[in-house]
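Taken together, the values in this text are just the output of simple stated rules run on the coordinates, not laboratory data. Since the model is a prediction, treat every value here as computed from it, not as a measurement. Reconstructed Cβ throughout: ideal geometry from the backbone, glycine too, with neighbour counts over all protein chains shown.
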Amino acid sequence: MIPLLAVGLSVLLHVSWNLLTRHTDREANFLWWVVGLYVLVFGPFTLPDFFHAAIQSPVLYFCAAISGTTNGLYFLALRKAYILAPASAVYPMVRSSPLFIALIETIFFGHHFDMLSWFAIMVAAVGLWIIATSTNDGVSRLSSAWPYALLAALMTVVYSMSDKMAASNMQVINIALGYVCVNYAISWIFLSIEQKIRTHHWIPKKIPHGFSLAFGTFCIGVAYALVIFSMHWLSAAYAVTLTNAGIVLTVLFGVTWLKEHTGWRQRATGAVLVVFGLVIVGTGVV
């Protein structure tokens, strides 16, 4: 039950900071602030445990470097895709990556998935594609955003496999939190370079609301660390598939709270398929 609880809490935190991002002025560059602040706030308390673990298992340094670089590229690709197409179309496509992750785990790492697991991962992916194509506007604009969405999905595969390799060397959550600090410090360099190129300023001119900053800083790093920690027990494909419960919650909030009624029936159908896949995967790992 520990991995499922970790993933469940991660989903709630992930949805929270994503909703904050959607309600923050784009010129404030919310992601730049919270990623950097997470490193500053959590670093002093978690990096000593990470470095102590890395001395015993140097592979953690390698994994953090790989994940930090690919996370940075993921953030940039996703941001570009969001400019070209609605997030409601782009993000579900990006999150269909568990299919690729499962293939890599099978081919290169010798992990065995039974037929029911393959079916569940596939059903969840189909549900995500249905959500992504729920509006005509999203479909038409997704064609131009597709290369960046694909790049973001591929980066998700790479850093998920790297995180899985690192997770086997993490005995306590504090190591995972420190690992995310190193990871995000590298990613923040990418975000800073993009910020400078795009606006000609290293620091965004606007600062998000204080509560959004504080809560977002906590959520963005802790959510990621919980997923990595869950990989100590779960395959990377299972862990990433289960985190897609956040998309279901986002669809629910979008229809009921934000009144995003366009294409709601198709989104609801896709969400049902995602939930069906998640239930099968979740039942199999209990």
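The label point for F62 and the one for V41, both projected 7 Å from the Cα toward the Cβ, are 3.4 nm apart.
Total lysine pairs in the chain at Cα distances under 23 Å, for residues eight or more apart or on different chains: 5. A straight chain from I203 to H23 at 0.36 nm per residue would run longer than the Cα-Cα distance by 62.8 nm. Applying the criteria of a DSSP loop state and at most 14 other Cβ atoms within 10 Å to the trypsin sites (Lys or Arg not before Pro) of region 194-250 yields K205, K206.
A Cβ-based charge dipole, computed about the Cα centre of region 2-285 with Lys and Arg at +1 and Asp and Glu at -1, lands at about 700 debye. Each of (1) 22.4; (2) 20.1; (3) 19.1 is a candidate for Kirkwood radius over Cα pairs in Å; the one calculated from this structure is (3).
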